[in-house]
Amino acid sequence: LKQAQRLDPTNPHITFTIGTIYLQRVEETYQLLDQEEEQVNVAVQQRFTASIAEARRWFEKTLELQPQDANAPLVLAQLALREGKTKEAIASAEQAIKQGNTSQNLQVQLALLYEQEEQYELAMRLYEAVLQNHPRDASPLARYHLAELYAASGRLEEALGLLQTLADEFPEEPQVQERVSAIQKELLGHSDTAPGGATNTTTATVPTSTLR
């Protein structure tokens, strides 16, 4: 592949493919980092670090050749996360969006990173933008997370609307059904509570088995 890249140095598909090979090495070595043998661990760490550097180089080269590539920014953010650099991952995704990358997946991943950093208002606005820009094919994961953020901020009816739609689309996902029931009960509790009474809004762990 590197020979092919030398023969065709402006082909972003080749650079992306080379980057993907190094990304696979990153993932393979990442799973081995916790080995107890110190000598093995040092060797694995060195291979992991070298693979990260090579993968980043080739995906950055891909973006130089094709700035609107939808996948390379996602991978660069993933590499930063593998190094434990959440803020760097956020910066990478933000920069791609500023440069005009309109990938829904990139926006959803950035919103998830905002949540991870407890920047809930930014996450909410970005999920809302995803739904506005993709009214017919908005990511189920984005809709679920937005529903939970609405619920956490007391916007129960809006949360319920999103969750009910998801429950209809994913009847096999019990946690979505449970969240619909829980929020319906909370809304009933609100109607039975005197003005000024306190209510508790609970949030749930996000299901990842089906929602993507």
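Just so you know, all these numbers are worked out from the coordinates, no wet-lab data involved. These numbers were taken from a predicted model, which means no experiment stands behind them. Here Cβ is always computed from backbone atoms with ideal geometry, including for glycine, and neighbour counts include all displayed protein chains.
For Lys2, list the lysines whose Cα falls under 26 Å from its own Cα; do not include residues on the same chain fewer than 8 positions away. The qualifying lysines are Lys61.
Around the Cα centre of the chain, unit charges on the Cβ atoms of Lys, Arg, Asp and Glu (plus for the first two, minus for the last two) sum to a dipole of about 760 debye. In the chain, the longest principal axis of the Cα atoms and the axis of helix 174-192 are about 40 degrees apart. Rounded to whole numbers, the Karplus 3J(HN,Hα) couplings from phi for the range 157-169 are 5, 5, 4, 5, x, 5, 5, 5, 4, 5, 4, 5, 6 Hz, using 6.51 cos²θ - 1.76 cosθ + 1.60 with θ = phi - 60°, and x at Gly and Pro. Put a plus charge on the Cβ of each Lys and Arg, a minus charge on the Cβ of each Asp and Glu, and nothing anywhere else: the dipole of the range 135-177 about its Cα centre is then about 160 debye.
To the nearest ten degrees, helix 38-65 and the longest principal axis of the Cα atoms of the chain are 90 degrees apart.
Comparing Thr86, Leu7, Tyr144 along the charge dipole axis of the chain, the residue lying farthest to the positive side is Leu7, per the Cβ-charge model.
For the chain, modelled as a GNM with alpha-carbon contacts under 10 angstrom, which of Val130, Val75, Val44 fluctuates the most? Most flexible of the set in this elastic network: Val44.
Relative to the dominant Cα principal axis of the chain, helix 104-116 is inclined by about 70°.
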